[in-house]
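So the structure is just underneath, and the comments pick up after that.
The values are calculated or read from the model by the stated rules, or taken from the named source; none is laboratory data. Because the structure is a prediction, the values reported are computed rather than measured. Quick reminder, even Gly has a Cβ in these numbers, built from the backbone with ideal geometry, and neighbours come from all protein chains shown. Heavy atoms of the whole protein, side chains included, go into the accessibility calculation; ligands, DNA and RNA do not. Shrake-Rupley method; radii C 1.70, N 1.55, O 1.52, S 1.80 Å.
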Amino acid sequence: MHVIAHDPYAPADRARAIGVELVSFDEAIATADFISLHMPLTPATNKMLNDETFAKMKKGVRIVNVARGGVIDEEALVRALDAGIVAQAALDVFSEEPPKQDSKLVQHERVTVTPHLGASTMEAQEGVAIEIAEAVVGALKGELAATAVNAPMVPAEVLTELKPYVELAEKLGRLAVQLVAGGSGVKTVKVSYASSRAPDDLDTRLLRAMITKGIIEPISDVFVNLVNADYTAKQRGLRITEERILLDGSPESPLESIQVQIANVESKFASAMSESGEIKVEGRVKDGIPHLTKVGSFEVDVSLEGSIILCRQVDQPGMIGTVGSILGEENVNVSFMSVGRVAPRKHA
């Protein structure tokens, strides 16, 4: 099948990524052989399939409605069936449920009906029970809870796409706060997101929550999650501002990088201070894994897994071997090392 879709909220690049062509509503109904409806019932969708829209469809179109009954004008559908515009209709939902026994639509020979009971089958109930149990276990482990009723609504596909960036955001927050001397005076945090996507196609609430989690949890006994992140930050006088840096290029990945800056603090690691006087760390996702790419003014490339040692030095021959020997004597195993330097033989 060649799949087309009309969705006023989906970005075209994301549709292309799953092999779907986005078209206008009129083009969708005029060119489709099969029309499947999936939307809530709102003032905008109420009776969106009516005499006028049926007249624009191909003769012999087949319609499946598994959304809400009210999105189709049922009397108009009967007329379209009788006129041969609609060859068949499969309906799981109706304007009135259960529909009247003498309903012309239900009795129509070219209509297949099911009783909107999918969620009530034994299989569905078992599936829901397992899903709830897994969600509770995940929430208790501190994982993302997509179905928390008092959290901002984040669609499952967005959660999946943002998952490695969520991990990056939390780890950048944890690293930044551990570079603060004292650890309790953090009041102002600035987060910068570099992305090729349009601002309305990048929901950063989840990322902001995880940066908040990373900053607060290492210096307190509070457990931070998507539900309480903004409230917890406000309680502690922590002000987090966000900015978007719009990049040119393909918006296939949601983010190019995340930068976290903590202002008006001193650092226990002087090289983490930027030229303007804030602690600054920056990272990106590479091959699905969070990487640290900048500390202060120094470019680095380190996987944010396990423990990290930051070391100041003057760039010169033998330093890597010296550091490696010191760590080796203390039985510390090194998986990777990266040197960031201003210039050869200068600070690193």
| task | Select one label from [x] 60, 52, 35; [y] 188, 27, 26; [z] 86, 40, 37: the one whose number is Cα extents along the principal axes in Å as derived from the coordinates shown. | result | [z]
| remark: Reduced to Cα centres, the span from the stretch 54-111 to the stretch 296-344 in Å works out to 69
| task | With the full set of protein chains in place, find how many percent of the accessible area of the stretch 47-176 is carbon and sulfur; take the probe as 1.4 Å. | result | 57
| query | How long is the gain from Ala270 to Ala194 if the chain were fully straight, where each residue apart is worth 0.36 nm and the alpha carbon distance is subtracted? | reply | 24.8 nm
| said: For the pairs Lys171/Lys234; Lys190/Lys346; Lys234/Lys346; Lys280/Lys346; Lys234/Lys280; Lys56/Lys163, flag any whose C-alpha to C-alpha distance is greater than 31 Å. | reply: Lys234/Lys346; Lys56/Lys163
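For the stretch 79-148, run through the trypsin sites (Lys or Arg not before Pro) and keep only the ones in DSSP coil with at most 11 other Cβ atoms within 10 Å of their Cβ.
Listed in order of number, the matching sites are Lys100, Lys141.
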| task | Within the chain, what's the longest run with no chymotrypsin sites (Phe, Trp or Tyr not before Pro) in a DSSP loop and at most 15 other beta-carbon atoms within 10 Å? Give the range, please. | result | 10-222
| said: Run through the stretch 245-310 and list the GluC sites (Glu not before Pro) located in a DSSP loop whose Cβ has at most 10 other Cβ atoms within 10 Å. | reply: Glu275
| query | Okay, which of the stretch 83-114 sit inside 13 Å, backbone N to the point 7 Å along the Cα-Cβ direction of Met39? | reply | none
| query | So what's the net charge close to His116: Lys and Arg +1, Asp and Glu -1, counting the other residues with Cβ under 13 Å from its Cβ? | reply | -2
| note | Net charge (Lys, Arg +1; Asp, Glu -1) of residues whose beta-carbon lies under 9 Å from that of Ala169, Ala169 excluded, is +1
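Per-residue ellipticity at 222 nm for the chain, helices alone: DSSP H runs ≥ 4 residues times -39500 (n - 2.57), over residue total, nearest 500 deg cm²/dmol? Before the final figure, lay out the partial values.
Details: 10 runs with 103 residues, N = 348.
Taken over the chain, the calculation gives -9000 deg cm²/dmol.
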| field | Stretchable slack from Ala181 to Glu143, in nm (0.36 nm times residue separation minus alpha-carbon distance) | value | 10.8 nm
| task | Round to a whole angstrom and tell me the spacing of the C-alpha centers of the stretch 161-194 and the stretch 254-273. | result | 8
| Net charge contributed by nearby residues that have their C-beta within less than 14 Å of Arg341 (K/R +1, D/E -1) | +1
| task | Provide the per residue accessible area, probe 1.4 Å, for the chain, rounded to a whole number of square angstrom. | result | 59
